[in-house]
Structures are given as structure tokens and as C-alpha cells.
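Participant: Sharing a structure with you now.
The values are calculated or read from the model by the stated rules, or taken from the named source; none is laboratory data. Bear in mind the structure is a predicted one, so any value in this text is a computation, not a measurement. So basically every Cβ, Gly included, is an ideal-geometry build from the backbone, and we count neighbours across all protein chains shown.
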Amino acid sequence: MPNAWNENSVSRLMARLAQGGMSRRKFLEGATALGLSIAAATSLLSEARAATPKKGGLLRAGLDGGATTDTLDPATFPDTFIIAFNFGCLRNCLTEVDNQGKLVGELAESWSASSDAKTWTFKLRKGIEFHNGKTMTADDVIASINHHRGEDSTSAAKSILDAVEDIKADGKDTVVVTLSGGNADLPFLMSDYHLLVMPAEDGKVDWRSGVGTGGYSLTSFEPGVRATAKRNPNYWKAGRANFDAVELIGIQDVAARTNALMTDEIDVMSTVDLKTVDRLKQKSGIRVEQSTGTSHKTFAMFTDVAPFDDNNVRMALKLAIDREELVQKVWRGYAELGNDHPIARANRFHAGDIPQRTYDPDKAKWYLKQAGLSSLKIDLSASDGAYSGAVDAAILYKEHAARAGIEINLIREPADGYWSNVWLKKPYVAVSWSGRATEDWMFSTAYAAGVAWNDTHWNHERFNKLLVEARAELDEAKRAGMYAEMQLLVRDQGGVVIPVFTSYVFAMADKVQHGPMWGNWDVDGLRFIERWWMA
């Protein structure tokens, strides 16, 4: 058998073959070069061919999210329905996190950085056309990025581009980005679903038409209700955009989505209700699938408000929760154990050697004693408006903590207005995070001192220093060491309990097929429209 490194390499060979990017002979040569026998390589060849994408068919998907206020402006994209219709369907980014979690070029074929990681040069693919026949150039890319910048911008991606000081063309096929400080993760940031490339004229993008470079072109759009598109016959990605046409239907109610799939009104549904998942599993012709990436659930406490300003209290609260019971009872096994820091196993620099924190009420009592307390009473705000299962998780947490002498007063907050009236307002609350593609992105969003979404008010001098240094470090071994220390600092001194990393759970008709899937977002990184096919 090949070693772990070779297994990854074989998986990539199989993916390339399935996507039409490699001949049979090249596959066999590559597999045998990795140490596989001819027999094993031939067996894998047959397996890969069985998973080869086929063209044709209509894909009907019932997705959560969607609102009558939706627009085709990527600066405004809030949720699954509208993101999926644009990201990996109508439009492309400069880079892409592929279905095996690797950053690859999308509209950019390559990129390079200056030694201080302040200046980045992106070489664009040549000959890429928009749906209207216009050839994509550097000017289109620049205008698309600038669409999210500037003092008047209200784009959700504005903060991602705060460090951009200048962006200019060097000919028609090269874009040069200059930053105020080094950032080794800029190519990852360019894969964000807001930063889609659109045709431009006189420095302004055309977002209203829905025209892009993607595998499908717009045929109709009814905000929040229904969206349709047809395959782009000139799409430049081999083995992608396989359906003849796609139809997305916004179905907010999970029971309605489930019924639609079971009655063959749709072929794919997002976000399965875990309480009724067995109903779908028992239905012939339907399969339930999952992918686990960076999405995680937390209980966040203000570290500058008593009693949470004492790290002994924070440690007691981290030891007073039975994570394994939450995985089984709340998430029905569709989750992985969290370790009180937000960097998932799917992340590049996940520190897998940090010991897993376990439920230990006696040790929690010991930490309370160090804080001068024999018992503790606190309020915890939760609502299923934070995430489905938040109240159930909080109830179990209350039971667990009681054995450590901690009395949790559960405040059941209204779902309506939870994110505006509770999160960032109350000192101990349930929170859901989708996570981010890179360590710096996640840490900079929620753990850096003074950032808007630092929901624990944490301010740690060593952590903040490492954050700046690691961001500009191009040596990946050095970065890995820095991020490992930062994960440990958050785990042992931060103000967040992270019991689980949750899976995205979705379902589809058996006739819908796919290759490897990645869990950076729901339904294969929200790129299922481009990546999947009909049997």
C-alpha cells in the first residue's frame, strides 16, 4: 500500500482522470511511479472511470436561505441560495479551494509574492470569455475587486481587502496587488465567494446582468424564490459544468425541503434536519451525505467582564462540558470534537498534537478553587436562532456543569433578533461560526484585539504579536509553529468553549453523482452545481 503522502497523490490522480484532465496511459504511469502495482493501478483506473462525470440532465436543488431582497451583486451575498447560484455557477474567482481542500488557480493560472509578502502578482488565464462574448482582462479583475473597496463600500468583503493599498494592471493578463503589510494568505482570500469576477467598463462592474465566466449562464432570477441557468458551452474547465441546466428553489423550511426531495420535486437538498435524518435514510433512491470542514459551534464569554475575566473560571467552564455527549445527542454523530480553538482538522496548519480536552468536573472544581470560589452561578443565553440545536446543547451543558458546582441559568432568547440583540451584547452566549479557509482569516476575524467580531473581547499581547508575524511569514514550517502556539493560547487562555466542529449534512437522489467533496461550505463547498453530474 502507498504511504499517506502517496495516498493523497493517488487521490489527486483519480480526481484529474475523473475530471477529464488526464489520459488512461498517463494515469497508469503516474500511479505506478507512486509505487502501485499494475494490478492495483488498473483497479483504481476502473474505479475512477465509474466516477467519470457525464453531461446532461436538469439539476433541481432545494436550498435554505434566499430572500426577496437578494440581488446579483456579490457584495451583498448572505446565504446558501444566492451564493450557490453565483459561486461555482455563474461566476469565478481568481483562486479556488478545490474538492480536496487544496488552493488552486481559477481565473488566475499562477501567482507569486515579493520576499516581504506585500506585493503579489497574479497571472491570468488567457482567452477566458464572459457569457456575453467579452474576453476577460486585468481591468475586469481590478474593477471586480475594487467593487468591494472604498470608504462608501458596504460590502461584506470590505474587511478582507482592508490591507490592499493599490491594485493595477501590468498588461492585459497580469494583476499586481500591493498591501500595507505582508500577507502570505492573499491567494486564499481571493477564493472568497464575494470576490467574483464580472465584466467591467470604465472601471465599473456590471453585476445586474449576472454575466460571468462560469459554467452556467443566467436564464431567470426571482430573488429568494427561484433561479435558473443553462450550461455554458464554452466553459474552460474540463469535466465541470455537467448538467444541461440547473434550477435552484429557495425553501427555508427544512420539513418542506425534506418532503420535496422525498416526492421527487427536487434532486438535492441542503441542511438536513438531524432530528429526522433517519426518515431520509430509510427512503429508497435517496442518500444522505456529509462533509466536515471549519464550521463550529461555540459558547463565547466576555473576558473583560466578571467572573469571566479570571482565566481559572474560563478553564473551569471548558472542563465542565461533555463534548462526546453533545456529538451523539445533539448532532447525532454528525460532528467532530472541538478543542476550544477554532482551527479545524481541515485547516492547513491545524495543530493535531494538542491534547484533546475532555470532560473533567473534578478538575473544573479545582480551577474554581484557584479563583477563590466553591461554586459558580452564571447566565447563558441561547436560541435556535443562533443555530439549530443550540438550546438542546445548552441544556446538556447545564447538566454537565452542575456536577462541577457550576449553576448555569439558561436564558432562552427569541430567535428573531438574536444576532443583533444578543450576540456581541450579552456576556455568555451560544454562537455559530462557518469558519474560514485560513488560520489568519479566522483569527483576524474573531480573536484579534479590537476587531468588530471579537465576541470574547479577548486581548492577548503574545497572540496579537504572533498574528502579525505569522501573516507575513512565507516559510510554511515557521508559520506552522506560530499557528500551533496561537491555537494553544486560545485553547488555554481564550474566552471561548468550542465543543464541536459540525458537519454539513445534505441529501440527494441516487441519480446525482459526485467525486471527492470538501467541507469548507455546505454542499461541496457551495460548488456542487459545477462539480456534480447525473448518472
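Participant: Looking only at the range 337-375, count how many residues are closer than 22 Å to residue 296 by Cβ, modelled with pLDDT of 95 or more and not small (Gly, Ala, Ser).
Facilitator: Looking only at that region, the number is 16.
Participant: Identify, by number, the condition in (1) over 30 Å from residue 469 (Cβ atoms); (2) surrounded by 24 or more Cβ atoms within 10 Å (Cβ to Cβ); (3) in the same structural domain as residue 189 (by TED's automatic domain parsing) that residue 109 doesn't meet.
Facilitator: (2)
Participant: If residue 327 passes every condition in (1) buried (at least 18 other Cβ atoms within 10 Å of the Cβ); (2) over 22 Å from residue 456 (Cβ atoms); (3) in contact with a helix residue (DSSP H, G or I) (Cβ under 8 Å, 6 or more places away or on another chain) but one, which one does it miss?
Facilitator: Residue 327 satisfies every listed condition except (3).
Participant: Please state which of the following conditions residue 456 fails to meet, knowing it meets all the rest: (1) crowded, with 19+ Cβ neighbours inside 10 Å; (2) in a helix (DSSP H, G or I); (3) over 21 Å from the mean Cα position of the chain (by Cα).
Facilitator: Failing condition for residue 456: (2).
Participant: On to the next question. Run residue 333 past the list (1) in contact (Cβ under 8 Å) with a residue 12 or more places away in the chain; (2) touching a helix residue (DSSP H, G or I) at 6+ places or on another chain (Cβ under 7 Å) and report the number of the one that doesn't hold.
Facilitator: The number of the failed condition is (1).
Participant: Ok, one more. Scan the range 358-375 for residues that are in contact with a helix residue (DSSP H, G or I) (Cβ under 6 Å, 6 or more places away or on another chain) and closer than 17 Å to residue 309 by Cα and jot them down. Spell out how you get there, then give the answer.
Facilitator: Here is the first cut: in the range 358-375, the ones in contact with a helix residue (DSSP H, G or I) (Cβ under 6 Å, 6 or more places away or on another chain) are 360, 363-364, 367-368, 370-371.
Listed by number, the residues that qualify are 364, 367, 368, 370, 371.
Participant: Which members of the range 202-246 meet the condition of being touching a Phe, Trp or Tyr at 6+ places or on another chain (Cβ under 7 Å) and not in a loop (DSSP other than H, G, I, E, B)?
Facilitator: 227, 229, 230, 231, 246
Participant: Give me the pairs, please: first residue somewhere in the range 64-77 and under 25 Å from residue 507 (Cα atoms) and touching a residue at least 40 places away in the same chain (Cβ under 8 Å), second residue anywhere and β-branched (Val, Ile, Thr) and assigned to a loop (DSSP other than H, G, I, E, B), beta-carbon distance under 6 Å, and either six or more positions apart or on two chains.
Facilitator: From residues that are under 25 Å from residue 507 (Cα atoms) and touching a residue at least 40 places away in the same chain (Cβ under 8 Å), the pairs are 64/271.
Participant: Looking at 345, 314, 332 in this structure, which one is of a type outside the set (Ser, Thr, Tyr), closer than 20 Å to residue 447 by Cβ and under 23 Å from the mean Cα position of the chain (by Cα)?
Facilitator: On the way: 314 fails: under 23 Å from the mean Cα position of the chain (by Cα); 332 fails: closer than 20 Å to residue 447 by Cβ.
It is 345.
Participant: Could you list, in sequence order, all residues of the range 377-411 that are touching a helix residue (DSSP H, G or I) at 6+ places or on another chain (Cβ under 6 Å) and basic (Lys, Arg)?
Facilitator: Once the filter is applied, which keeps residues that are touching a helix residue (DSSP H, G or I) at 6+ places or on another chain (Cβ under 6 Å) and basic (Lys, Arg), the range 377-411 yields only 403.
Listed here are the residues, each with its yes/no results for (1) assigned by TED's automatic domain parsing to the domain that holds residue 350; (2) among the hydrophobic types (A, V, I, L, M, F, W, C); (3) surrounded by 19 or more Cβ atoms within 10 Å (Cβ to Cβ); (4) closer than 30 Å to residue 81 by Cα.
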{"site": "451", "(1), (2), (3), (4)": "yes, yes, no, yes"}
{"site": "479", "(1), (2), (3), (4)": "yes, no, yes, no"}
{"site": "499", "(1), (2), (3), (4)": "yes, no, yes, yes"}
{"site": "520", "(1), (2), (3), (4)": "no, no, yes, yes"}
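Participant: Would you be able to tell me the number of residues in the range 130-182 that are outside any helix (DSSP H, G or I), touching a residue at least 24 places away in the same chain (Cβ under 8 Å) and either on the phi > 0 side of the Ramachandran plot or surrounded by 14 or more Cβ atoms within 10 Å (Cβ to Cβ) (or both)?
Facilitator: Qualifying residue count, the range 130-182: 22.
Participant: Of everything in the range 362-391, what is of a type in the set (A, V, I, L, M, F, W, C) and in contact with an Asp or Glu (Cβ under 6 Å, 6 or more places away or on another chain)? Give them in sequence order. Give the steps one after another, and end with the answer.
Facilitator: Looking only at the range 362-391, we keep the residues that are of a type in the set (A, V, I, L, M, F, W, C), and these are 364, 366, 368, 371, 373, 376, 378, 380, 382, 386, 390-391.
Result: 371, 390, 391.
Participant: Just to be sure, is residue 229 closer than 20 Å to residue 58 by Cα, outside the structural domain of residue 443 (by TED's automatic domain parsing), aliphatic (A, V, I, L, M) and buried (at least 22 other Cβ atoms within 10 Å of the Cβ)?
Facilitator: Working: closer than 20 Å to residue 58 by Cα: yes; outside the structural domain of residue 443 (by TED's automatic domain parsing): yes; aliphatic (A, V, I, L, M): yes; buried (at least 22 other Cβ atoms within 10 Å of the Cβ): yes.
Taking the combined requirement at face value, the residue satisfies it.
Participant: Identify, from the list 258, 271, 276, the residue that is part of a loop (DSSP other than H, G, I, E, B), under 27 Å from residue 331 (Cβ atoms) and assigned by TED's automatic domain parsing to the domain that holds residue 519. Give the derivation first.
Facilitator: Working: 258 fails: part of a loop (DSSP other than H, G, I, E, B); 276 fails: part of a loop (DSSP other than H, G, I, E, B).
Going through 258, 271, 276 in turn, just one is part of a loop (DSSP other than H, G, I, E, B), under 27 Å from residue 331 (Cβ atoms) and assigned by TED's automatic domain parsing to the domain that holds residue 519: 271.
Participant: Kindly indicate whether any position in the range 496-504 is modelled with pLDDT of 95 or more and either under 14 Å from residue 350 (Cα atoms) or of a type outside the set (Val, Ile, Thr) (or both).
Facilitator: Checked against the condition, which is being modelled with pLDDT of 95 or more and either under 14 Å from residue 350 (Cα atoms) or of a type outside the set (Val, Ile, Thr) (or both), the range 496-504 yields at least one hit.
Participant: Can you spot a residue in the range 414-424 that is hydrophobic (A, V, I, L, M, F, W, C), outside any loop (DSSP other than H, G, I, E, B) and farther than 22 Å from residue 254 by Cβ? Write out each step before concluding.
Facilitator: Let us first name the residues in the range 414-424 that are hydrophobic (A, V, I, L, M, F, W, C), namely 415, 419, 422-424.
Add one more test, that the residue is outside any loop (DSSP other than H, G, I, E, B), and what stays is 419.
Filter once more, keeping what is farther than 22 Å from residue 254 by Cβ: none.
Scanning the range 414-424 turns up no residue that is hydrophobic (A, V, I, L, M, F, W, C), outside any loop (DSSP other than H, G, I, E, B) and farther than 22 Å from residue 254 by Cβ.
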